[in-house]
Amino acid sequence: MERAEIKSLLEVIEQQVSSSILGGMDEQYEELESLGYIHINREAVQWSANITNAGSDFLHNYRNS
């Protein structure tokens with residue numbers, strides 16, 4: 001996944017308290033989770049993602065570069 005795509009997804013997640021994972025996006029969200037940028041709540045019926053401190057740091061550094 002390219003940095004711009006990561007930034008775009010993280011911005012969507014950051015703007016929401018908890019971002020529902022839409023069908024077909026599982027792979028992208030799992031990649032973000034493997035990078036440590038989000039945490040996926042798999043215990044709910046509808047999986048959702050929350051941004052982590054590392055994800056917030058990525059966005060902050062991206063915006064300031």
Of Leu32, Ala4, Ser56, whose Cα points farthest to the positive end of the dipole of the chain (charges on the beta-carbon: +1 Lys, Arg; -1 Asp, Glu; origin at the Cα centre)? Ser56
Considering only protein heavy atoms and a probe of 1.4 Å, how much of the accessible area of the chain is carbon and sulfur, as a whole percent? 46 percent
Heavy-atom accessible area per residue of the chain, all protein chains kept, 1.4 Å probe, expressed in Å², is 66 Å²
Volume per residue, Å³, of the convex hull around the alpha-carbon atoms of the chain? 77 Å³
What accessible area, in Å² to the nearest ten, does a 1.4 Å probe give for Val12? 60 Å²
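The values are calculated or read from the model by the stated rules, or taken from the named source; none is laboratory data. The model shown is predicted, which means the values in this text are computed figures rather than measured ones. Don't worry about glycine lacking a Cβ; one is built from the backbone with ideal geometry, like all the others, and counts go over all protein chains shown. The protein model used for the area step is the full one, side chains on, heavy atoms only, and it has no ligands, DNA or RNA in it. Shrake-Rupley method; radii C 1.70, N 1.55, O 1.52, S 1.80 Å.
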